[in-house]
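A.B. asks: My structure is below; once you've seen it, I'll send some questions.
The values are calculated or read from the model by the stated rules, or taken from the named source; none is laboratory data. Because the structure is predicted, anything quoted here is derived from the model rather than measured. FYI the Cβ positions are ideal-geometry reconstructions off the backbone, even for glycines, and counts take in every protein chain you see. Surface areas here come from the heavy atoms of the whole protein model, side chains and all, with no ligands, DNA or RNA. Shrake-Rupley method; radii C 1.70, N 1.55, O 1.52, S 1.80 Å.
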Amino acid sequence: KELITLLPAVGFGAAHNFDPLPQVIVDNNAGGVIAAEELLKRGHRRIAFVSMRCHHRMFLARQQGYEEFLRARNAFAPELVQSALPGPNPNLPEKEFPDMSGPLEALLGLPEPPTAVIAANDWMAAGFYEAMEQRKLRVPEDLSVIGFDHLANLFLRPRLTSYETPMRGMGAAAA
């Protein structure tokens, strides 16, 4: 703690609780609101949220924003939230997209399946695309998908709609 107070430093990204550092962070709760609002504007009434890391602070905030927004409009359905704990080594880098076939199957098995899905990040959205492809489902014809962070948009087809984390602006503010 003494070293931190001697060196000029700024927290950056999704971190929290690094007092006494000033921080530039994303409002992930607002991101969940924005994603749900966009899908509602597009006419979707059954909107799901999927996450393979249900305890991750950033993903929880996104889920909470989604849930708060839909609850305020009497459009939230708890069965549309599909989240799971990470695998046995959650701190290791992932080499492949997560297997999202379980959440997809659970959502499709509902009496009234969703028409749209919000994935906690683009990596999970890419895994969801793969699970849909295995079932011969199409984006957006069968199910619309939104992700976060704007990282997978360039290599997914059709292109993923993604909430873009304003990294350049955050970097400028931190500097």
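A.B. asks: Give me the residue from the range 1-23 that is in a loop (DSSP other than H, G, I, E, B), out of contact with any strand residue (DSSP E or B) (no Cβ under 6 Å at 6 or more places or on another chain) and open to solvent by 80 Å² or more (accessible area, probe 1.4 Å) and, out of that set, modelled with the highest pLDDT.
C.D. replies: So the residue we want is 8.
A.B. asks: Okay, next question. Any residue at all in the range 123-131 that's under 23 Å from residue 28 (Cβ atoms), part of a helix (DSSP H, G or I) and acidic (Asp, Glu)? Spell out the reasoning first.
C.D. replies: Within the range 123-131, the first condition is being under 23 Å from residue 28 (Cβ atoms), and the residues that meet it are 123-129.
When the remaining residues are screened for being part of a helix (DSSP H, G or I), the result is 123-129.
If we keep only those that are acidic (Asp, Glu) as well, we get none.
The answer is no; no qualifying residue exists.
A.B. asks: If you don't mind, there's one more thing I want to ask. What strands (runs of 3 or more DSSP E), lying completely within the range 24-119, carry at least 1 residues that are at pLDDT below 95 and either open to solvent by 50 Å² or more (accessible area, probe 1.4 Å) or over 28 Å from residue 12 (Cβ atoms) (or both)?
C.D. replies: Answer list for the range 24-119: 81-83.
A.B. asks: Just checking, how many residues over the range 153-175 are without any contact (Cβ under 8 Å) to a residue 60 or more places away in the chain and of a type in the set (Ser, Thr, Tyr)?
C.D. replies: 1
A.B. asks: Mind counting the residues in the range 130-145 that are over 12 Å from the mean Cα position of the chain (by Cα) and either of a type in the set (D, E, K, R) or surrounded by 23 or more Cβ atoms within 10 Å (Cβ to Cβ) (or both)?
C.D. replies: Count: 7.
A.B. asks: Tell me the residue from 125, 120 that is among the aliphatic types (A, V, I, L, M) and either farther than 24 Å from residue 41 by Cα or touching a residue at least 40 places away in the same chain (Cβ under 8 Å) (or both), please. Don't jump to the end; show me each part of the working.
C.D. replies: Working: 125 fails: either farther than 24 Å from residue 41 by Cα or touching a residue at least 40 places away in the same chain (Cβ under 8 Å) (or both).
Being among the aliphatic types (A, V, I, L, M) and either farther than 24 Å from residue 41 by Cα or touching a residue at least 40 places away in the same chain (Cβ under 8 Å) (or both) holds for just one of 125, 120, which is 120.
A.B. asks: Going through 114, 103, 158 one at a time, which residue ends up being farther than 21 Å from residue 53 by Cβ and out of contact with any His (no Cβ under 6 Å at 6 or more places or on another chain)?
C.D. replies: Matching residue, one of 114, 103, 158: 158.
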